[in-house]
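*Asks:* A single structure is presented below for examination.
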Amino acid sequence: MNISAKITGINYKPFLQSSLSQVQLNDFDINSAPTSCLIIDGQKSFAISKWVSPKRTRSYPYERVYNTLGHGNKSITVIPIVKDEGFAGDRDFIQWDTISLMSLLNVFVIFGYYSQAEKHRSRANKITGQKFDNEYVLNKIAEIDNYHSSALHWNIGEIKRLSMIMDRVKESYARIAKKLKIKLHGAGGLESFQKQLSENATTFFKDSSRTRSQQARSRELQTRQPKEALATASKASITIVNYLGGEYFLTVDETKIENNILRLIESKHTNRSRLPSRNDIKDGLLKMMLFSNLTEFIADSSPVNHVPVLQLTSALLKGSVDSRSTENEIAKFNRRNKLNPLQQELIRSVFAGSKENRFEVILKFGKTKK
């Protein structure tokens, strides 16, 4: 099934956010700071998160961003423009889709780069322990403090400067390779990426990333992750267009049509506990933020009504309950599964958030398919 929709903005009240540690700006170091925290500068504060890779599928970056939404005067996220783990490891580049999503969420992006690294203890030509240039990040925070337009306009402006940041990336990785006496991926890939950025900073980069995103989506449609526990194999592609014409190429874990309503189901599964982790759930909630704000929804060329669904499954659960269930039904489900007070509170919070933000949550038994 091919799905397309439009999105003009995000209207969402965050639930289930973690409390943020507070760090004074004078003491702030992006490398030692928590993955999400609140920077305090006198009467002002900035909620900041950091990514360990430009690749979205690593280390729950969406969950980290989710924790910062609605906190501080501005929300900021630091994303490495490139991460090269050495010739024996991976090399990932930032994608347009990531920047577009952050812009829709009104999150200011700092395109960071790594200035320090360590040689991997057991694998030749691989590095670890990479650290951002903290002074550069601090300078960018100061610029954002004095910036008086939207995150969208800031991010577009930074995109136009990505080529200059790539000069720092190349110089930094060349210095790391020489110091550690290791081989990194060839400079040709970095130079090609930089050339694309400089030729047309916004359009060319966007189109190039779209191609990679489409290819990644096509691969994902052919596979099913081991952690998914789905009732059907009905993965679908979805193209979301924002008001600037920027596109996201995503997949939906599962689709169902019930009473002429298409249900877009994002699934999170666990085999080891009765509930998926809070990180997994918040990662799914960021998808719900998108899906619950879609308009002009079209499936296989036909307009259709839709309902976003976050499906939480566990191999240890008995029965099912959902955000439409009565208090008595939820209490019975909790007793049957011997859920502790913290687990019950987690369910209450997720259900309350779904009702506030126009999506559904299903909690039920599930197991991965071989």
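The values are calculated or read from the model by the stated rules, or taken from the named source; none is laboratory data. This one's a predicted model, so the numbers in the text were calculated from it and none came from an experiment. With ideal geometry, Cβ positions are generated from the backbone for all residues, glycine too; neighbour counts draw on all protein chains shown. The area values use the complete protein model at the heavy-atom level, side chains included, leaving out ligands, DNA and RNA. Shrake-Rupley method; radii C 1.70, N 1.55, O 1.52, S 1.80 Å.
*Asks:* Quick one: with all protein chains in place, what share of the accessible area of the chain is carbon or sulfur, to the nearest percent (1.4 Å probe)?
*Replies:* 47
*Asks:* Now for a different question. What is the helix-to-structure angle for 341-356, meaning the angle in degrees between its Cα long axis and the longest Cα principal axis of the chain, kept from 0 to 90 and rounded to the nearest 10?
*Replies:* Around 90 degrees separate the two axes.
*Asks:* On full extension of the chain, what length is gained from Ser277 through Glu327, given 0.36 nm per residue of separation minus the C-alpha to C-alpha distance?
*Replies:* Here the segment from Ser277 to Glu327 would lengthen by 15.7 nm.
*Asks:* Taking the Cβ-Cβ separation of Val52 and Lys160 as r and a Förster radius of 30 Å, what is the calculated FRET efficiency to the nearest 0.05?
*Replies:* E(calc), rounded to 0.05, equals 0.70.
*Asks:* Any chance you could give the angle, 0 to 90 degrees and rounded to 10, that helix 134-145 forms with the longest Cα principal axis of the chain?
*Replies:* So the inclination is approximately 70 degrees.
*Asks:* Right, here's the next one. Rounded to the nearest 500, what is the 222 nm mean residue ellipticity of the chain from helices alone, with -39500 (n - 2.57) per DSSP H run of 4+ residues and division by all residues?
*Replies:* Dividing the helical sum by the residues of the chain leaves -11000 deg cm²/dmol.
*Asks:* Would you mind calculating the gained length between Lys131 and Lys183 on full extension (0.36 nm times residue separation, minus the Cα-Cα distance), in nm to one decimal?
*Replies:* This chain segment gains 16.9 nm when fully extended.
*Asks:* Using packing as a proxy for protection, rank 298-310, 29-41 so that the peptide with the highest average count of other Cβ atoms within 10 Å comes first.
*Replies:* 29-41, 298-310
*Asks:* Turning to a different aspect of this structure: Using the Cα centre of the chain as the reference point, and only Cβ charges (+1 on K/R, -1 on D/E), how large is the resulting charge dipole? Debye, rounded to the nearest 20.
*Replies:* Magnitude of the dipole: close to 1480 debye.
*Asks:* Additional query: Roughly what would the spin-label model give for Arg175 and Ser302, points 7 Å off Cα along C-beta, in nm?
*Replies:* 6.0
*Asks:* Distance in nm between label sites at Leu25 and Glu191, each 7 Å beyond Cα in the beta-carbon direction?
*Replies:* In this crude spin-label approximation the distance works out to 4.1 nm.
*Asks:* Which distance in Å, rounded to a whole number, links the C-alpha centroids of region 54-122 and region 310-370?
*Replies:* Cα centroid to Cα centroid, the span is 31 Å.
*Asks:* Sticking with this structure for a sec: For the chain, find the longest principal axis of its Cα atoms and tell me its angle to the long axis of helix 162-180, 0 to 90°, nearest 10.
*Replies:* The angle comes out at about 70 degrees.
*Asks:* Report the percentage of all Cα-Cα pairs in the chain whose separation exceeds 29 Å, rounded to a whole percent.
*Replies:* 46
*Asks:* Using the charge dipole of region 1-89 (Lys, Arg: +1 at Cβ; Asp, Glu: -1 at Cβ; taken about the Cα centre), state which of Val78, Tyr66, Thr35 has its Cα farthest towards the positive end.
*Replies:* Of Val78, Tyr66, Thr35, it is Tyr66.
*Asks:* Right, something else. On a straight-distance basis, which lysines could pair with Lys140 in a cross-link, Cα separation under 19 angstrom, same-chain partners fewer than 8 positions away excluded?
*Replies:* By straight Cα distance, Lys140 reaches Lys44, Lys50, Lys74, Lys131, Lys160.
*Asks:* I've got another one for you. Rounded to the nearest Å, what's the spacing between the alpha carbon centres of region 18-50 and region 123-174? Just the number, please.
*Replies:* Going from one Cα centre to the other spans 17 Å.
*Asks:* Using a 1.4 angstrom probe, figure out how much accessible area region 73-173 has per residue, in square angstrom, rounded to the nearest whole.
*Replies:* Per residue, region 73-173 has 40 Å² of solvent-accessible surface.
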